[in-house]
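See structure below.
The values are calculated or read from the model by the stated rules, or taken from the named source; none is laboratory data. Given the structure is predicted, the values throughout are model-derived calculations rather than measurements. Cβ atoms come from the backbone with ideal geometry, glycine included; neighbour counts cover every protein chain shown. The protein model used for the area step is the full one, side chains on, heavy atoms only, and it has no ligands, DNA or RNA in it. Shrake-Rupley method; radii C 1.70, N 1.55, O 1.52, S 1.80 Å.
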Amino acid sequence: FQAEDGIRDAQESRGLGDVYKRQSMFNLNNFLNKIKDKNPNEPEFLQAVTEFFSSIESFLLENPKYTTNKIPEIITEPERVISFRVTWIDDKGEIQVNKGYRVQFNSAIGPYKGGLRFHPTVNLSILKFLGFEQIFKNSLTGIPMGGAKGGSDFDPHGKSDAEVMRFCQSFMNELYRHIGEDTDIPAGDIGVGTREIGFLFGQYKKITNKFTGVLTGKGFNWGGSLLRPEATGYGLVYFVEEMLNRINDTISNKTVLISGSGNVAQYAAEKAINLGAKVLTMSDSSGTIYDKDGINLEKLEFIKELKNIKRGRIVEYTSKFKGEYLENQKPWNIKADIALPCATQNEITENDAQDLVKNDIKLVAEGSNMSCTIEAIKYLQKSNVLYSPGKASNAGGVAVSGLEMSQNSIRTQWSREEVDTKLKEIMKNIHNKCIEYGKESTGQIDYVKGANIAGFIKVADAIIDLGIV
Ligand code: NDP
Ligand code: 8G0
C-alpha cells in the first residue's frame, strides 16, 4: 500500500504518467551491496553511505516516493569528478607531481560548495565521503548550497611559503575552469588556511581577470567575512550548548577534551573557555598535551601562534607551560565531561568510545567530519552518551561561508556581531531540525537520524522537482 502511494506520489509530482510502474521498497542490504560493487576500494565513502542510509532506512520505508524516484542511487553518484595533475618546482629546483581533485557531488539546491584538503592521505574515497556528507550539511544550514569537496595529496608540512605558493598557483591553473561564484565555491579544510586561500584566490584573479566571491575563507581585506575563521569552532560550541540546554544543563564548569590544534580546535577551545569550561587537552598528529589546570586564553594564544605562524609541533607547549605530553596518543582516555574531536575522520574508534564511556563522558560532538567510526557511534548511543554527527555540529563553518558568499554578492561586509548572531541562529535551527526528525519514543534525541533525515528531505525533493537530469 505504501509503495503504491509512493508511485502515485511520484507520478503526480512529475506528471509522467505510466513511466513508474515498478513497485520498489527500500532494501538496505541490497542497496549497500550495490554501492560497494559500484565503488570498490573506497572504504571511507562506503562508511559514510552506510551510516547515512542505516539511519534513514525506516524513513525511506515510510516514504516510498524517494525509493521509487531512485533518490538513494542518484544521491550517491557524484554529478562530476574532476581529477588532474599538479606539477610544480620545489626550492631545490626539482620538479614535483601531485594529484588534484574536485568532487562536485550534488547541485540540486544550490551551487557546489565545500572545502579543499591538502594532506598526504587525500584520495578519491576520502573526498567522496566528505563531498557526500557536505550535501546534507549544507542543506541543514538553510542556505542554498550544493555539496562538493576537493584537494590534493600535497603535504604542506615543512614546505616554504614560496613552495606552497607555487603549488597553489599550479593547482588553480587547472581548477579555475571548473569553479565560479555561481557554479562551485571552494574553501579551506585540513592543510588549507588563509595563506593558501590567498595564493589560490590571487591566481584565480590573475587568470580570469575577475574579482568575484569564487572562494570563501578569504582575508577580510580582500573580501572575506568576519568570523569565518572562528565559525566552525564557535558553531560547534553553540551546538553543544543547545544539546545541554535541552536537558537543563550548560557547558560552564564542564571539563572538555579537544583533539587537533588547527582551525576548528583552536576556536572550539576559545569559545568553550569563554563560556566557563575547562579545556584539558589539544593535540596534533604526533601526540596530545594534557594540562590538568586547563588551557586558558593565554596558553591558547601560544598554541595559535605556534600552529598558525611558526608552524611548530604541539609538544612545544610543554616547554613553556606545565602539562604532560602524551606522545603518539589521542586524548580519549582522560577523564572529562565532554569530548570534541576536531582533527580528522575516524579519530574515535570503538576502543576510544569504550575509554570515554568508562570515564563517564556525557557528550561527544564532532568538530571534524566523521570523527567516529560506525562502531564507536553505536557504542556511544547504546551507552546513552549525547552524540552529534559533524554534519550537524560542525555546520557553522560552511554556514558562515554561505554568509561570505551573500556579502560578496551584495558587495558589503557585515560586522562581527551581525555574523555571530546569524551563526547562533543557524546552529539553533539545525538543533531544532535534529529534534524534529530525531525524537525517539523514549523522548531521547537520535541526532544522527534527525540530521540525516532533515538534510535529506530538502535535497531529495529538489532532485524530484528538477526532473531526471
Ligand atoms: P587544520 O589543518 O587547521 O587542523 C587539523 C588538525 O588536525 C591539526 O592539528 C592536525 O595535526 C590534525 N590532524 C590532521 N590530520 C590528522 C591525522 N590524520 N591524524 C591526527 N591528527 C590529524 O584543519 P581544520 O581544523 O580546518 O579541520 C579539522 C577537521 O574539521 C577536518 O575533519 C575538517 O574536515 C573539519 N571541518 C573543518 C571546517 C573548517 O571550517 N575548517 C568546517 C567543518 C569541518 P598536524 O598539524 O600534525 O597535521
Ligand atoms: O567553507 C567551506 O565550504 C568548508 C570548508 C572546510 C570544511 C567544510 C565542511 O563543512 O566540512 C566547509
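Is it true that T250 is more than 11 Å from ligand 1 (Cβ to nearest atom), under 23 Å from T349 (Cβ atoms), in contact (Cβ under 8 Å) with a residue 12 or more places away in the chain and open to solvent by 30 Å² or more (accessible area, probe 1.4 Å)?
Details: more than 11 Å from ligand 1 (Cβ to nearest atom): yes; under 23 Å from T349 (Cβ atoms): no; in contact (Cβ under 8 Å) with a residue 12 or more places away in the chain: yes; open to solvent by 30 Å² or more (accessible area, probe 1.4 Å): yes.
No; evaluated as a whole, the condition is false for this residue.
Quick check on my filter: what residues within the range 395-413 are more than 13 Å from S139 (Cα to Cα), in contact (Cβ under 8 Å) with a residue 12 or more places away in the chain and outside any helix (DSSP H, G or I)?
Q413
Can we say I190 is hydrophobic (A, V, I, L, M, F, W, C), modelled with pLDDT of 95 or more, within 16 Å of ligand 2 (Cβ to nearest atom) and over 30 Å from D337 (Cβ atoms)? Please lay out each step first, then the result.
Values: hydrophobic (A, V, I, L, M, F, W, C): yes; modelled with pLDDT of 95 or more: yes; within 16 Å of ligand 2 (Cβ to nearest atom): yes; over 30 Å from D337 (Cβ atoms): no.
Against the criterion (hydrophobic (A, V, I, L, M, F, W, C), modelled with pLDDT of 95 or more, within 16 Å of ligand 2 (Cβ to nearest atom) and over 30 Å from D337 (Cβ atoms)), I190 does not qualify.
Can you give me the number of residues within the range 388-435 that are open to solvent by 20 Å² or more (accessible area, probe 1.4 Å) and over 30 Å from A353 (Cβ atoms)?
17
Go through N98, N106 for me and flag whichever is of a type in the set (S, T, N, Q) and either open to solvent by less than 20 Å² (accessible area, probe 1.4 Å) or in contact with a Pro (Cβ under 7 Å, 6 or more places away or on another chain) (or both). If you could, list the steps in order and put the result at the bottom.
Values: N98 fails: either open to solvent by less than 20 Å² (accessible area, probe 1.4 Å) or in contact with a Pro (Cβ under 7 Å, 6 or more places away or on another chain) (or both).
None of the other options fit; the residue is N106.
Six or more apart or on different chains, Cβ under 6 Å: which pairs go from a residue in the range 444-460 that's more than 16 Å from Q134 (Cβ to Cβ) to one that's surrounded by fewer than 23 Cβ atoms within 10 Å (Cβ to Cβ) and among the hydroxyl-bearing types (S, T, Y)? Could you list them?
Pairs found: V448/S55; K449/S55; G450/Y437; I453/Y437.
Can you report the number of residues in the range 145-173 which are surrounded by fewer than 23 Cβ atoms within 10 Å (Cβ to Cβ) and within 21 Å of S125 (Cα to Cα)?
Here the count works out to 3.
Go through the residues of the range 357-366 one by one and say whether even a single one is near ligand 1 (Cβ under 9 Å from one of its atoms) and either part of a loop (DSSP other than H, G, I, E, B) or touching a strand residue (DSSP E or B) at 6+ places or on another chain (Cβ under 7 Å) (or both).
For the range 357-366, residues near ligand 1 (Cβ under 9 Å from one of its atoms) and either part of a loop (DSSP other than H, G, I, E, B) or touching a strand residue (DSSP E or B) at 6+ places or on another chain (Cβ under 7 Å) (or both): present.
Identify all residues within the range 184-203 that are β-branched (V, I, T) and open to solvent by 20 Å² or more (accessible area, probe 1.4 Å); write none if there are none. Step through it out loud before you land on a result.
From the range 184-203, those β-branched (V, I, T) are 185, 190, 192, 194, 197; that's our starting set.
Listed by number, the residues that qualify are I190, T194.
Looking only at the range 254-267, which residues are more than 18 Å from E305 (Cβ to Cβ) and either more than 9 Å from ligand 1 (Cβ to nearest atom) or free of Cβ contacts under 8 Å to residues at least 40 places away in the same chain (or both)? Write out each step before concluding.
Residues of the range 254-267 more than 18 Å from E305 (Cβ to Cβ): 254-257, 259.
Passing the criteria: K254, T255, V256, L257.
Here is a list: I89, I74, I82. Which entry is open to solvent by 20 Å² or more (accessible area, probe 1.4 Å), farther than 24 Å from L28 by Cα and of a type in the set (A, V, I, L, M)? If you could, list the steps in order and put the result at the bottom.
Numbers: I74 fails: farther than 24 Å from L28 by Cα; I82 fails: open to solvent by 20 Å² or more (accessible area, probe 1.4 Å).
The unique qualifying residue is I89.
Tell me which residues, restricted to the range 240-276, are assigned to a helix (DSSP H, G or I) and under 20 Å from I190 (Cα atoms). Give the steps one after another, and end with the answer.
Just the residues of the range 240-276 that are assigned to a helix (DSSP H, G or I), to begin with: 240-246, 263-274.
Result: N263, V264, A265, Q266, Y267, A268, A269, E270.
For the range 341-352, does any single residue satisfy the condition of being in a loop (DSSP other than H, G, I, E, B), more than 16 Å from ligand 2 (Cβ to nearest atom) and not aromatic (F, W, Y)?
Narrowing the range 341-352 to residues in a loop (DSSP other than H, G, I, E, B): 341-347, 349.
This time we only want the ones that are more than 16 Å from ligand 2 (Cβ to nearest atom), so: 349.
Restricting the remaining residues to those that are not aromatic (F, W, Y) gives 349.
Checked the range 341-352: at least one residue is in a loop (DSSP other than H, G, I, E, B), more than 16 Å from ligand 2 (Cβ to nearest atom) and not aromatic (F, W, Y).
Answer yes or no: is there a residue in the range 4-25 that is closer than 23 Å to N369 by Cα and modelled with pLDDT of 55 or more.
Quick first cut of the range 4-25, residues closer than 23 Å to N369 by Cα only: none.
No: the range 4-25 contains no residue that is closer than 23 Å to N369 by Cα and modelled with pLDDT of 55 or more.
Give the residues of the range 281-296 that are more than 16 Å from ligand 1 (Cβ to nearest atom) and either touching an Asp or Glu at 6+ places or on another chain (Cβ under 7 Å) or on the phi > 0 side of the Ramachandran plot (or both), sorted by residue number.
The one that is more than 16 Å from ligand 1 (Cβ to nearest atom) and either touching an Asp or Glu at 6+ places or on another chain (Cβ under 7 Å) or on the phi > 0 side of the Ramachandran plot (or both): G294.
How do the helices (runs of 4 or more DSSP H) wholly within the range 120-239 filter down when requiring 2 or more residues that are within 21 Å of Y101 (Cα to Cα) and of a type in the set (D, E): which remain?
Numbers: elements: 124-141, 161-175, 194-208.
Those helices (runs of 4 or more DSSP H) span 161-175.
Is it fair to say I179 is surrounded by 17 or more Cβ atoms within 10 Å (Cβ to Cβ) and within 16 Å of ligand 1 (Cβ to nearest atom)?
Details: surrounded by 17 or more Cβ atoms within 10 Å (Cβ to Cβ): yes; within 16 Å of ligand 1 (Cβ to nearest atom): no.
No; evaluated as a whole, the condition is false for this residue.
Quick check: anything in the range 105-122 within 27 Å of D284 (Cβ to Cβ) and more than 13 Å from ligand 1 (Cβ to nearest atom)?
no
Please name all residue pairs, on different chains or six or more residues apart, with Cβ atoms under 6 Å, provided the first residue is in the range 278-297 and is in contact (Cβ under 8 Å) with a residue 60 or more places away in the chain and the second residue is of a type in the set (S, T, Y).
S283/S259
Need the failing condition index for G312 against (1) touching a residue at least 12 places away in the same chain (Cβ under 8 Å); (2) assigned to a loop (DSSP other than H, G, I, E, B); (3) open to solvent by less than 30 Å² (accessible area, probe 1.4 Å), just the number.
Tallying (1) touching a residue at least 12 places away in the same chain (Cβ under 8 Å); (2) assigned to a loop (DSSP other than H, G, I, E, B); (3) open to solvent by less than 30 Å² (accessible area, probe 1.4 Å), G312 fails exactly one: (1).
Which members of the range 212-223 meet the condition of being surrounded by fewer than 24 Cβ atoms within 10 Å (Cβ to Cβ) and in contact (Cβ under 8 Å) with a residue 24 or more places away in the chain?
Step one: filter the range 212-223 for residues surrounded by fewer than 24 Cβ atoms within 10 Å (Cβ to Cβ), giving 212-213, 218-223.
Answer for the range 212-223, where residues must be surrounded by fewer than 24 Cβ atoms within 10 Å (Cβ to Cβ) and in contact (Cβ under 8 Å) with a residue 24 or more places away in the chain: T212, G213, K218, G219, F220, W222, G223.
If I filter the range 324-344 down to residues being in contact with a Ser or Thr (Cβ under 9 Å, 6 or more places away or on another chain), open to solvent by 30 Å² or more (accessible area, probe 1.4 Å) and not acidic (D, E), which single residue comes out as farthest from ligand 1 (Cβ to nearest atom)? Before the answer, list the steps.
We begin by selecting, within the range 324-344, every residue in contact with a Ser or Thr (Cβ under 9 Å, 6 or more places away or on another chain); these are 324-332, 334-344.
Narrowing the set further to residues that are open to solvent by 30 Å² or more (accessible area, probe 1.4 Å) leaves 324-325, 327-330, 335, 337, 343-344.
With the extra rule that they be not acidic (D, E), the set shrinks to 325, 328-330, 335, 343-344.
Working: Y325: 14, N328: 10, Q329: 11, K330: 8, K335: 22, A343: 3, T344: 4 Å.
Top of the filtered list is K335.
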